[in-house]
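Participant: Quick one: structure below, then a few questions.
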Number of protein chains: 2
Amino acid sequence: MTSSQRPRLLVLDTEPRPRLGRLTGRATVEYADASTLAERLPYADVLLVWDFASLAVRDAWPRGGPRPRWVHTASAGVDHLLGPGLVADEETVVTNARGIFEAPIAEYVAALVLSMAKDLPRSWELQGRREWRHREALRVSGGRACVVGSGPIGRAIARYLKALGLHTAVVGRAARAGVHGPGELDRLLARADWVIAAAPLTEATYGMFDARRFGVMQPSAWFVNVGRGQLVVEDALVEALRKRWIAGAALDVFDREPLGPDDPLWEVPGLIVSPHMSGDTVGWRDELGAQFVELFELWEAGKPLPNVVDKQRGYVPGH
Amino acid sequence: MTSSQRPRLLVLDTEPRPRLGRLTGRATVEYADASTLAERLPYADVLLVWDFASLAVRDAWPRGGPRPRWVHTASAGVDHLLGPGLVADEETVVTNARGIFEAPIAEYVAALVLSMAKDLPRSWELQGRREWRHREALRVSGGRACVVGSGPIGRAIARYLKALGLHTAVVGRAARAGVHGPGELDRLLARADWVIAAAPLTEATYGMFDARRFGVMQPSAWFVNVGRGQLVVEDALVEALRKRWIAGAALDVFDREPLGPDDPLWEVPGLIVSPHMSGDTVGWRDELGAQFVELFELWEAGKPLPNVVDKQRGYVPGH
């Protein structure tokens, strides 16, 4: 096979680059950044969105003509890709990194829930002041959790929270076995001790955690967002914390990332901020690269791909 | 029944006092502190050690003569009671608060393990500096834990860690089903990612975590103590942390409590300090009081008491 016959793989990349050594001699690999993506896309068969924080695909996707017929993103969420052009493009399949992030994110949520219950942030603050101050912590077991988002990440979170003894309800776009429909959301929020946002960002979920929803929650409730920043109306959350409508919150994702040093969110009382790392455990980039290579081999062999995104809905449906 | 016929209950107390309203008219309740305990003990049928941080019983226990025939401590550990006088006293039964602290402590250990894996203390530090710095966290699932202490607290911790996907070994004083004997301790420590100390303080466990044992552990290992401070040679732990023999540690219990503001432990790099609160969740004092009342009713009816401490061994054996 000459190089001209090899599939042309375009990587929208960022450091550190993916390890694609297994594709040597099997694909022609080129790299692009946001400024060169549009001009390279017509020459690519496959696009790997390795820089999953980039919004470049939304703008650069060609309106017809030659273009990749397969786009894979090294992320669970696909909102950063799905501009009108790619959504309407019936000939291009989009896949995501389903399978990589579920357990790490579920562990991270469990870490946040338990830390807040056990008042660990306060313990660290007191340690810094060399102050011994005994407090009574919360029991996690026996409490109620509401996980918003019924995809594999939401369901993995629910499994972990159940293992910790929490009565856990999952809310999704539509009711099904083990999943409550959106009509039950407010009722479940109103009785939850722990509310976990883990939904994909879609038109239906954009800004869903607003002043009204924080108002529905109990004053003793804790809110965690590991989905997408835009699920939350940040000003409404800040006000809910300041007015003590809820007990506290932890955000790992934000409307604008990274947070700049002047962002007021860093210092909201009762708000824990972390830098979008809930799914990222040692070795995660290698796992993402290996997953892409596996999918590439299926694609090369003409076999059906897993993890295919429903571009209208904005996530991988089913299961 | 006249007051002289009622059993005389002496409470070695501290604020807030136990709620013993259910014993009104059924027991004559008196209170003592460390300075008055010795003079009051000969007039009591039952001693409730509500101030479980006090060492007063060790010194004050009478060498013969009238004395309580039942001592209950509102704690899991009994090392603070068991001086030679009470240990040798064959006519006095000692009971503890088995059943109250297991799940809270197991949750607390899970909180510490997950927090350390997810680098949460560093996230809080970075939040305080308004600094967005993404890191890769550790996966908990698939790792190995070694829980030292095979009583109900150690076994509850093991259940939680297993639920988080950790391969978890329990080490006790003697091998039995599901519990490794002390001869296997070093081998298990050498391969553990997480070492949890949850043993009772006895002659066999005093200072068991010494320089040699920290030297056996992996440089990537994390150590947690929720048992008793004296299980650990604190200077050896500090040296192990400074020399990076282990990755980090969390102590909820200490050789001397409370830690004074000048204690060097507050500022050891890699050491998380909390004020002996792992078992103490909202409502815990009420639970301890209610448990004592339950046991009192059994004792009053002449029925056998649960939670009876083997005073030679220093813990409630069996199960």
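Values quoted throughout were computed directly from the atomic coordinates according to the rules given, and no laboratory measurement underlies them. As the structure is a computational prediction, the values presented were derived from the model and not from experiment. Neighbour counts are summed over all protein chains in view; Cβ atoms, including those assigned to glycine, are modelled from backbone coordinates with ideal geometry.
Participant: How high is the relative contact order of the range A:42-153, in percent, with contacts defined as C-alpha pairs under 8 Å that are six or more residues apart? Each step should come with its number before you reach the end.
Facilitator: On the way: 110 pairs, mean separation 24.7, N = 112.
Averaging sequence separation for qualifying contacts and normalising by length gives 22 percent for the range A:42-153.
Participant: Which of A:Ser115, A:Val94, A:Ala76 sits closest to the plus end of the dipole of the range A:69-135, meaning its Cα is farthest towards the positive end, when Lys and Arg get +1 and Asp and Glu get -1 on the C-beta?
Facilitator: Projecting each Cα onto the dipole axis, the largest value belongs to A:Ser115.
Participant: Could you give the distance between the Cα centres of the range A:226-263 and the range B:240-319, to the whole Å?
Facilitator: 36
Participant: What ranking do A:Leu161, B:Leu126 get, fewest neighbouring Cβ atoms within 10 angstrom at the top?
Facilitator: In order of increasing Cβ crowding within 10 Å: B:Leu126, A:Leu161.
Participant: P(r) tail for the range B:168-319, what percent of Cα pairs lie past 27 Å? Could the numbers behind the result be given before it?
Facilitator: Working: 3900 of 11476 pairs.
The answer is 34 percent, as a whole percent.
Participant: Next up: Restricting attention to the range A:140-235, which GluC sites (Glu not before Pro) occupy a DSSP loop and are surrounded by at most 16 other Cβ atoms within 10 Å?
Facilitator: Numbers: sites: A:Glu184, A:Glu203, A:Glu234; in loops: A:Glu203.
Taking the range A:140-235 and a limit of 16 other Cβ atoms within 10 Å, the loop GluC sites (Glu not before Pro) found are A:Glu203.
Participant: Please work out, to two decimal places, the log10 of the ratio I(q)/I(0) at q = 0.06, 0.10, 0.12 Å⁻¹ from a Debye calculation in which every Cα of the protein assembly as shown carries one identical scatterer.
Facilitator: With one equal scatterer per Cα and no solvent, log10 I(q)/I(0) is -0.41, -0.96, -1.23.
Participant: Can you compute the FRET efficiency between B:Arg26 and B:Val282 using 1/(1 + (r/R0)^6), with r the Cβ-Cβ distance and R0 = 25 Å? Round to the nearest 0.05. Write down the numbers at each step before the final one.
Facilitator: Values: r = 28 Å, r/R0 = 1.14.
It comes to 0.30.
Participant: Any idea what the relative contact order of the range B:156-222 is, in percent, if you count C-alpha pairs under 8 Å spaced at least 6 apart?
Facilitator: Values: 54 pairs, mean separation 16.4, N = 67.
That works out to 24 percent.
Participant: Residues of A:152-163, mean number of Cβ from any other protein chain within 10 Å of their own Cβ, rounded to a whole number? It would help to have the intermediate numbers written out before the result.
Facilitator: Numbers: counts 0, 0, 0, 0, 0, 0, 0, 1, 5, 0, 1, 7.
Partner Cβ neighbours, averaged per residue: 1.
Participant: While we're looking at this one, here's another question. Averaged over its residues, how many other protein chain Cβ atoms are within 10 Å of peptide A:95-104's Cβ atoms?
Facilitator: 1
Participant: Roughly how many whole Å is it from the C-alpha centroid of the range A:58-111 to that of the range B:115-160?
Facilitator: If we compute the Cα centre of each part, the gap is 31 Å.
Participant: I want the antiparallel fraction of DSSP beta bridges within the protein assembly as shown, as a percent rounded to 5. Each step should come with its number before you reach the end.
Facilitator: Details: 6 of 84 bridges.
Percentage antiparallel, nearest 5: 5.
Participant: So, one more: Report the full-extension gain for the segment A:Arg242 to A:Ala211: residue separation times 0.36 nm, less the Cα-Cα distance, to one decimal in nm. Walk me through the numbers before you get to the answer.
Facilitator: Details: separation 31, 0.36 × 31 = 11.16 nm, distance 1.23 nm.
Length difference between fully extended and current span is 9.9 nm.
Participant: I've got another one for you. From Cα pairs below 8 angstrom and at least 6 apart in sequence, can you work out the relative contact order of chain A, rounded to a whole percent? Let's see the in-between values first.
Facilitator: Working: 583 pairs, mean separation 48.6, N = 319.
Normalised by residue count, the contact order of chain A is 15 percent.
Participant: Additional query: Taking chain A, how much of its Cα-Cα pair set, in percent, is spaced more than 31 angstrom apart?
Facilitator: Values: 18150 of 50721 pairs.
Pairs farther apart than 31 Å: 36 percent.
Participant: Could you calculate the FRET efficiency of B:Glu125 with A:Asp262 from 1/(1 + (r/R0)^6), where r is the beta carbon distance between them and R0 is 30 Å, rounded to 0.05? The partial results should precede the final answer.
Facilitator: Values: r = 19 Å, r/R0 = 0.63.
The value I calculate is 0.95.
Participant: Given the peptides B:249-257, B:151-159, arrange them by the average over their residues of other C-beta atoms within 10 Å, most packed first. Could you put the intermediate results ahead of the total?
Facilitator: Working: B:249-257: 20.3, B:151-159: 23.3.
Most protected by this proxy first, the peptides run B:151-159, B:249-257.
Participant: So how much slack lies between A:Ala290 and A:Gln312, counting 0.36 nm per residue of separation and subtracting their Cα-Cα distance, in nm?
Facilitator: On the way: separation 22, 0.36 × 22 = 7.92 nm, distance 2.75 nm.
Difference between extended and current length: 5.2 nm.
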